[in-house]
Amino acid sequence: MKTKLLLLIVLLGLKTIAQNEVKHQTEQLSLIKKGDYIGYLTQQDGSGKYEGGLDELTYKLTNFQDYRIQPGAHKEVYMIFGGNPDRPDKYKETMFLPDNEAFPITYVEKVFEGNKEMQDELGFAPRINRLTDGNRLVFLDGRIYVIEDWESKDSYNLVSVMEHQTKKMGGLKKMKEVMRSPKKMKEMQPHETLKKYLDNAYEKQQTVYAQWMKNPKNAAIVENTESIRKLTIDAINKQRADWRNSDAYRRIKERNQSFAQSASQSQVTITNRTGKDIYIYEEGSSNGSRISVNGKGTYNCKKNQYYSFSGNSSAAKSTQISTANQSCGQEKTIQ
């Protein structure tokens, strides 16, 4: 009995030490560098074996700056996230903010409520958005763990682990890195590493946050942020209600409806359900207009319209899909 009790005390002691050593995410940011990152995919097969692979999109950590709600305590992290590698400058930065005022264990994709005028006058409050709140980052040992579909520390999808690049990989080096990535992931064990961190960090978060909230100044930060969020949303909703109830709004809606009806009388909508890209050719034309898989487009119904799977075809070599003056206002689906 004494042996079991001693073992329990030792285990509890080790758990306490682990929790005391765990760092929150803003502290972990000290090891994260600005610049380009490459993503190692973390998908596993049915037996749990890592399949490997690299994410082909562009990931670049562009900036850190003080968290405007708590300057000096936490950071705002800005990334070009998943941009086209051939056109990285065409993508806007995505902002990530701490998930907790006292002890953040993830950084969440966020924007602030309201426009600049409201923010300058009232202050800042992160928007609650179910579509993006599941997108999160966890910073560990200089790496960035990319999470989607976050619901809790026990329910999320780890997509990739990103590592900083001192210089961009060339094609040959990237091919070699793809080949070695399954072994790299097996050695790294990212799922196990992340789970261990989140388990310890979450438990510490609960303790630290409860203690932090006992300070009236800290509680006031949380209360004020919520008040800013509510007032900003109420103001936006009031503005929306005001202009929707205006005579100008009603006139514009009536005109838009009239314009849409007029347009439908001169157009045919074509939907692509073939499973391949198709090209629409107007009668007499050799310039095709592409419709992607499951996409749709509107075309002149006063002319015969034809489709082909080739972008180098013509109306004369294609299959007719709509007949002039007989398909106006209709939707044609190509199976």
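The values are calculated or read from the model by the stated rules, or taken from the named source; none is laboratory data. This structure is a prediction, so every number in the text was calculated from the model and none was measured. Positions of Cβ are backbone-derived with ideal geometry, glycine not excepted, and every protein chain shown enters the neighbour counts. Keep in mind that these areas ignore ligands, DNA and RNA; they rest on the heavy atoms of the full protein, side chains included. Shrake-Rupley method; radii C 1.70, N 1.55, O 1.52, S 1.80 Å.
Counting only strands (runs of 3 or more DSSP E) that fall entirely inside region 81-158 and contain at least 3 residues that are open to solvent by less than 20 Å² (accessible area, probe 1.4 Å), at negative phi and in contact (Cβ under 8 Å) with a residue 40 or more places away in the chain, the qualifying elements are 136-140, 143-152.
Residues considered: ARG240, ARG255, ARG290, ARG251. Of these, the only one that is assigned to a strand (DSSP E or B) and loosely packed, with under 14 Cβ neighbours inside 10 Å is ARG290.
Restricting attention to region 182-201, the residues that are out of contact with any Asp or Glu (no Cβ under 9 Å at 6 or more places or on another chain) and of a type in the set (Ser, Thr, Tyr) add up to 1. Residue pairs whose Cβ atoms lie under 9 Å apart, sitting 6 or more positions apart in sequence or on different chains, and linking a residue in region 236-259 that is within 27 Å of GLU113 (Cα to Cα) to a partner that is open to solvent by 100 Å² or more (accessible area, probe 1.4 Å) and among the aromatic types (Phe, Trp, Tyr), are TYR249/TRP243.
Just wondering, is there one or more residues in region 275-287 that are of a type in the set (Ser, Thr, Tyr), modelled with pLDDT under 90, surrounded by fewer than 16 Cβ atoms within 10 Å (Cβ to Cβ) and touching a strand residue (DSSP E or B) at 6+ places or on another chain (Cβ under 7 Å)? No, every residue in region 275-287 fails to be of a type in the set (Ser, Thr, Tyr), modelled with pLDDT under 90, surrounded by fewer than 16 Cβ atoms within 10 Å (Cβ to Cβ) and touching a strand residue (DSSP E or B) at 6+ places or on another chain (Cβ under 7 Å). Residue pairs whose Cβ atoms lie under 8 Å apart, separated by 6 or more positions or on different chains, with the first residue in region 305-330 and part of a helix (DSSP H, G or I) and polar (S, T, N, Q) and the second exposed (fewer than 13 other Cβ atoms within 10 Å of the Cβ) and modelled with pLDDT under 90, do not occur.
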